[in-house]
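Novice: Please find one structure pasted underneath; my questions will follow.
The values are calculated or read from the model by the stated rules, or taken from the named source; none is laboratory data. Given the structure is predicted, the values throughout are model-derived calculations rather than measurements. Don't worry about glycine lacking a Cβ; one is built from the backbone with ideal geometry, like all the others, and counts go over all protein chains shown.
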Amino acid sequence: DNVEWSEEQEASARSKVQENSSQLLPQDKQEEYEVNAKRYWDDFYKIHENGFFKDRHWLFTEFPELAPNRNPNKNGDSVHEFSNKEESKNEGLASCENGHCALETRAANQLNLIKNTPKICTEELATQKYSELNQSDGDYPGSSASYRILEVGCGAGNTVFPILQTNNDPGLFVYCCDFSTTAVDLVQNNTEYDSSRCFAFVHDLCNDQSPFPMPDKSLDVVILIFVLSAILPEKMQCIVNRLSRLLKPGGVILLRDYGRYDLAQLRFKKGQCLSDNFYVRGDGTRVYFFTQDELDDLFTTAGLEKIQNLVDRRLQVNRGKQMTMYRVWIQCKYRKP
């Protein structure tokens, strides 16, 4: 944990990024990846189902706002309490597959999926459903809850289900959404899915006409785990603005995402770069690598106050492959005044 980089290592990383970003994809190809973004993520979840981004019980150490006792660190300075027991148990940690570098390993206790008829919640159905609700009268999913959490980009539920399993607060309600219909189907068809405590829905963050099932100023927590990096950089500010409006005064956004010069960025080859620090993977999904200042600008412009904004640099060793891997992540907490 907290690995210091030498000037030589930093210079080497910068050189690799200059090399792999020296040749940008043509504009028509870039537009194609934007137009077909949903299809690429649907394909990703059809292939991997819930098998890629795994055990996230570290969430409660890093983000105590999600735990039952909810005793968050006020100054947000102390972190890096990941369980090294978990890391040593799981030697596949930080394995990279097709440019997706997982923060977690594929833990043995795989979530059990039911392969029955999917409960598809398309955007069209969602729009119709939400328009029928009178949110001002409190008639919306989770309206009676005292503590509401939204995870954006929920994937197959690898954050949502640990929260539901760990946090038995009777006042808790968890919303989760994803761009991918396939991902939302996986969540809804999981044996752990409980519609009395959770509401999963399809949502396109980049479409500001795409509805949320809850009114503004109704959420205590918004979670963004390796999600903002998948979005076109010029659309990020609008998205953060929209999410901040959903927060109650005192509510927080919790983010963990890829940092500049992470292993995943250095592994890209020439010809996969879309724009500065923004790349397309072999499977068509995209990823951006942030600096702390960039994230601070996004959140403060949206009217949020910094609680925490730190770089987590760590050295990981894959004993099986005898490889050392330098990971760079950024973790943020920003509060609505």
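Novice: Could you list all residues from the range 291-307 that are outside any helix (DSSP H, G or I) and under 17 Å from the mean Cα position of the chain (by Cα)?
Specialist: Across the range 291-307, the qualifying residue is only Thr291.
Novice: Taking the range 245-268 only, how many residues are crowded, with 21+ Cβ neighbours inside 10 Å and part of a helix (DSSP H, G or I)?
Specialist: 3
Novice: Of all residues being polar (S, T, N, Q) and touching a strand residue (DSSP E or B) at 6+ places or on another chain (Cβ under 8 Å) in the range 308-337, which is surrounded by the fewest Cβ atoms within 10 Å (Cβ to Cβ)? Just the residue, please.
Specialist: Going through the qualifying residues, I end up with Thr324.
Novice: One residue is enough: does the range 36-59 have a residue meeting the conditions among the β-branched types (Val, Ile, Thr) and modelled with pLDDT of 75 or more?
Specialist: no
Novice: Which of the residues spanning the range 206-244 are of a type in the set (Ser, Thr, Tyr), within 20 Å of Leu298 (Cβ to Cβ) and surrounded by 20 or more Cβ atoms within 10 Å (Cβ to Cβ)?
Specialist: Ser229, Ser244
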